[in-house]
Amino acid sequence: MSAAEPVRDGEGADIVGPRNAERERQDPFTVRPPASDHGTMPNLKWSFADSHIRIEEGGWARETTIRELPISKAMAGVNMRLKAGAVRELHWHKEAEWSYMLKGKARITAIDEAGRTFADDVGEGDLWYFPPGIPHSIQGLDSEVDGCEFLLVFDDGNFSEDSTFLLTDWLAHTPRDVLAKNFRTSESRLEKLPSKELYIFPAPKPGALSDDRKTGAGLVPNTFSHRLLQQEPNRMAGGSVRIVDATNFPATKTIAAALVELEPGGLRELHWHPNSDEWQYYIEGEGRMTVFGSESKARTFDYRAGDVGYVPFAMGHYIENTGSGPLRFLEMFRSERYADLSLNQWLALTPRVLVDAHLKIDPEVVADLSTAKLPVLPK
């Protein structure tokens, strides 16, 4: 496929200077935007392929924060890979951690401030959520991909993996005599403590899950994991959606999400969100999104697997599947509840005369709009 040219309806001209044609082929609506695009909108796209990747003995990590995508003030994301047995070492964050398992399996553990414990094995399509300050771990398990790969989302765009509170980093920067006193032992018995953080490292593979479910003061009252793919999706012509927030996953107090699947040509209808910015992660397929920012500003972006999209608070947008296969993506919001407003629903529930006066379109078009919420529209 040849790269798009910035030529439209007799306007513009071809590119005759240096160009990255391969990259431009991935962004046809960026190179040749629709005529409805107008004004200056900030960049609302970043690819994890452009993020620095930190390679460790047991896996790797790469992040998309406000540093990579400056508009992303509300949330940040990390893409991480752990081989079987490799551990994302015991740690905690100032921010809440929400995660979606992309491939493989992992064991996750945590305790809360009351000494209640949690342990679970999670696989593809499963979620977990750890509130701020809750110490936890992640370890890759044997699987068809030798461990796992997952997406982490944090409820602060300034988050960075480098600011995580790591167990080994803490102990390496605490006087050895204090550690001996704390652990009620001698300094000589602490000689093998790591001198710096481990971050991601190989470790013995865990045993039975039941062995790791220590009771302590009991189990956490709300599980930190959720089987998203076991939810029955809301299906309609053009695709389906699974919504998860505090109503069906009570632990997730600061991040709500939706897993959207669109068939070829399917459309996530024109809508906006009244309670939060939207952070997107594209899992499979190809799509486009136009974001309307008021003041006659609008900009269209192309997305594909591994890309991050962002929609600032309350801005109108749609997502369309422009590929030949399914388009799957996650929508995340810094909120305990999912909320959206549909353009179709708004028009259908507004007095007809008022709508006709604004739009001057065939009255039957408005009459046919359903009053039900429609996450996706027909092809």
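The values are calculated or read from the model by the stated rules, or taken from the named source; none is laboratory data. Just so you know, these numbers come straight off a predicted model, no measurement behind them. Heads up, the Cβs are rebuilt from the backbone with ideal geometry, glycines too, and the neighbour counts pull from every protein chain shown.
Taken together, A305, A339, A357 contain a single residue that is surrounded by fewer than 15 Cβ atoms within 10 Å (Cβ to Cβ), among the hydrophobic types (A, V, I, L, M, F, W, C) and modelled with pLDDT of 95 or more, which is A339. Within the set T64, T40, T117, the sole residue that is in the same structural domain as F130 (by TED's automatic domain parsing), touching a residue at least 24 places away in the same chain (Cβ under 8 Å) and surrounded by fewer than 20 Cβ atoms within 10 Å (Cβ to Cβ) turns out to be T117.
Quick check on segment 57-68. Is at least one of its residues in a strand (DSSP E or B), polar (S, T, N, Q), under 14 Å from the mean Cα position of the chain (by Cα) and under 28 Å from E232 (Cα atoms)? Checking segment 57-68: not a single residue is in a strand (DSSP E or B), polar (S, T, N, Q), under 14 Å from the mean Cα position of the chain (by Cα) and under 28 Å from E232 (Cα atoms). Taking I55 and the conditions (1) within 30 Å of P132 (Cβ to Cβ); (2) in contact with a Ser or Thr (Cβ under 8 Å, 6 or more places away or on another chain), which numbered condition does it fall short on, given that it satisfies the others? Every condition holds for I55 apart from (2). The combined condition, being over 27 Å from W128 (Cα atoms), surrounded by fewer than 16 Cβ atoms within 10 Å (Cβ to Cβ) and at pLDDT 95 or above, is fulfilled by G325. Looking across segment 172-205, the residues that are among the hydrophobic types (A, V, I, L, M, F, W, C), closer than 24 Å to R107 by Cα and outside any loop (DSSP other than H, G, I, E, B) come down to I200, F201.
Could you check segment 241-258 and list, in sequence order, the residues that are part of a loop (DSSP other than H, G, I, E, B) and either in contact with a helix residue (DSSP H, G or I) (Cβ under 9 Å, 6 or more places away or on another chain) or among the aliphatic types (A, V, I, L, M) (or both)? If the condition is that a residue be part of a loop (DSSP other than H, G, I, E, B) and either in contact with a helix residue (DSSP H, G or I) (Cβ under 9 Å, 6 or more places away or on another chain) or among the aliphatic types (A, V, I, L, M) (or both), then A246, F249, A251, I255 are the ones that fit.
Please go through segment 72-95 and pick out each residue that is assigned to a strand (DSSP E or B) and either small (G, A, S) or on the phi > 0 side of the Ramachandran plot (or both). Those that are assigned to a strand (DSSP E or B) and either small (G, A, S) or on the phi > 0 side of the Ramachandran plot (or both): A76, G77, A86.
Just checking, how many residues over segment 137-161 are over 19 Å from the mean Cα position of the chain (by Cα) and free of Cβ contacts under 8 Å to residues at least 60 places away in the same chain? Quick ask: steps written out before the conclusion?
Keep residues of segment 137-161 that are over 19 Å from the mean Cα position of the chain (by Cα), which gives 137, 139-147.
Now drop any that are not free of Cβ contacts under 8 Å to residues at least 60 places away in the same chain, which leaves 137, 143-145.
Final tally of qualifying residues: 4.
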